[in-house]
Amino acid sequence: MVSKLNTYDGGCHCGKIRYRVVIEKLEAVECNCSICIKKGFIHLIVPAERFTLLQGQDDLSTYTFNTGTAKHHFCRHCGIHAFYRPRSHPDGYDVNLRCLDDGAIDLFAITYFDGAHWEDKIDQIRDRYS
């Protein structure tokens with residue numbers, strides 16, 4: 001069975017950061033971990049070959065914490081966290097579904113992930129997006 005590929009563009013609030021993602025499934029994850037809950041991040045995890053940074057490399061800043069594996073990129077001008085390199089999939093990208101253009105969020109099924117208990121639950125995400 002061949003899955004249909006969907007292409008979406010997105011970016012930060014000021015428009016300096018722009019990217020494109022190609023995905024198969026219209027599925028995303030909402031997490032309740034300490035950083036996601038504060039950022040309002042809804043996760044759309046994609047392999048690196050399906051993510052293209054179209055503009056803004058020099059406009060990115062990066063925040064890390066805990067293990068330092070995740071690279072939380074954000075626009076240094078408007079502060080929006082439009083995507084990052086996740087700890088769960090360090091070779092991929094995690095796009096903030098809220099940052100896709102044209103109301104794309106309305107097309108996605110969003111499931112819940114108990115990231116507040118990340119160490120005990122992470123295999124649920126790794127298995128789903130591997």
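The values are calculated or read from the model by the stated rules, or taken from the named source; none is laboratory data. Everything numeric in this text was worked out from a predicted model, so none of it was measured. Quick reminder, even Gly has a Cβ in these numbers, built from the backbone with ideal geometry, and neighbours come from all protein chains shown.
Restricting the first member to the stretch 106-127 and to residues that are under 15 Å from R87 (Cα atoms) and part of a strand (DSSP E or B), and the second to residues that are aliphatic (A, V, I, L, M) and modelled with pLDDT of 90 or more, the beta-carbon pairs closer than 6 Å and six or more apart or on different chains are F113/V29. Would you confirm whether any residue within the stretch 82-94 is of a type in the set (D, E) and buried (at least 19 other Cβ atoms within 10 Å of the Cβ)? Looking through the stretch 82-94, at least one residue is of a type in the set (D, E) and buried (at least 19 other Cβ atoms within 10 Å of the Cβ).
The selection criterion, being surrounded by fewer than 19 Cβ atoms within 10 Å (Cβ to Cβ) and touching a residue at least 60 places away in the same chain (Cβ under 8 Å), holds for N32. In the stretch 30-49, what residues are of a type in the set (A, V, I, L, M, F, W, C) and in a strand (DSSP E or B)? The answer is C31, I42, L44, I45, V46. In this structure, T62 qualifies as hydroxyl-bearing (S, T, Y) and at pLDDT 90 or above. For the stretch 1-29, filtered to residues that are among the hydroxyl-bearing types (S, T, Y) and part of a strand (DSSP E or B), the residue that is surrounded by the fewest Cβ atoms within 10 Å (Cβ to Cβ) is T7.
Right, R76: more than 17 Å from F113 (Cβ to Cβ), of a type in the set (K, R) and either surrounded by 12 or more Cβ atoms within 10 Å (Cβ to Cβ) or in contact (Cβ under 8 Å) with a residue 24 or more places away in the chain (or both) or not? So R76 fits the description; yes.
Scanning the stretch 12-31 for residues that are over 18 Å from I105 (Cα atoms) and touching a Gly at 6+ places or on another chain (Cβ under 6 Å) yields K16, I17.
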